[in-house]
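K.L.:
Take a look at this one; I'll ask things after.
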Amino acid sequence: MNMQQKQWYEELFENYGKQYDKECFTQGTLGECDFLEQELAHNKQRRILDIGCGTGRHAIELTKRGYSNVRGVDLSESQIARAKEKASAEQLDIDFRVADARNLPFEKEFDLIIMLCEGGFPLMETDEMNFEILQNARDALAEGGKLIFTTLNGLFPIFNSVQEFMKEQKEEGNASCDKLKFNLMTFRETAEVTAVDDNGKEKVLQTNERWYMPVEISWLLKTLGFTQIEIFAAHLGDFSREHALTINDFEMLVIAN
């Protein structure tokens, strides 16, 4: 029987929980949760869903701050196992489960949904699959709920070198990116990523990510019925409505309700 070949993001996150927590892009959790608390008006009764939660860093930090109704979902069994391990070590009761963001079992259940640090949305191999993630997030939101997510800013590769940016972000022991190409017709970036998993095994993967123009994001969200859409620059560990999006911002922060 032919087994379906795993996508690069499925292979990358296999047995990668501890290494993932060491990546430079995961180091902004505290400041990012400060922002989320502001958006929640510090109402600890709000129901929160973290889509593409990875090792649970935002869900765990919010729970530590007193938010008692937080769930996390991720496609990777390895990442979810690591999230449960970390929550248990902190003696926190958090509902972490393996789930596909394109097919979530929730309907109008959450006051806030977060998808941070490219936890799923721009990683899918087709635009239709990425759209399904937004659809499922919309369906899981309760009336008056808010969606907050980050995604790759399509303005950046038009005016800057993605390859140079990735080199600047590289730290010893973190995943590295080579042979990067950007397709102006599809706004997809392909690259060869080398990463070392928790067992010290080196993986070389062919990645494929979608960059989005701000106007595309607005249009997609309006299509799904969101009426208030705001887009800002996403600064690592320093999310803020004061950071206007520019051509030099690698990521954008999207707030929709």
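K.L.:
Using mean Cβ contacts within 10 Å as the protection proxy, how do 147-156, 90-99 order, highest first?
P.N.:
Per-residue mean Cβ counts within 10 Å order the peptides as 147-156, 90-99.
K.L.:
Of [x] 0.97; [y] 1.04; [z] 0.94, which is the value of Rg/Rh (Cα atoms, Kirkwood Rh) derived from the coordinates here?
P.N.:
[z]
K.L.:
Now a separate question. Provide the net charge surrounding A256, with neighbours chosen by a C-beta distance below 10 Å and charges set as Lys +1, Arg +1, Asp -1, Glu -1.
P.N.:
Taking every Cβ under 10 Å from that of A256, the sum is +2.
K.L.:
Find the relative contact order for the chain and round it to a whole percent, using C-alpha pairs within less than 8 Å whose residues are 6+ positions apart.
P.N.:
With pairs under 8 Å counted, the relative contact order is 20 percent.
K.L.:
Taking a 26 Å limit on the Cα-Cα distance, which of the listed pairs K64/K201; K86/K203; K84/K222 fall beyond it?
P.N.:
In this structure, K64/K201; K84/K222 exceed 26 Å between Cα atoms.
K.L.:
Treat every Asp and Glu Cβ in the chain as -1 and every Lys and Arg Cβ as +1, leave all other atoms uncharged, and give the resulting dipole magnitude about the Cα centre to the nearest 20 debye.
P.N.:
Here the size comes out at about 300 debye.
Coordinate-derived values only; no laboratory data. In this text the structure is predicted, and so the values were computed from the model without any measurement. Neighbour counts run over all protein chains shown; Cβ positions are idealised from the backbone, glycine included.
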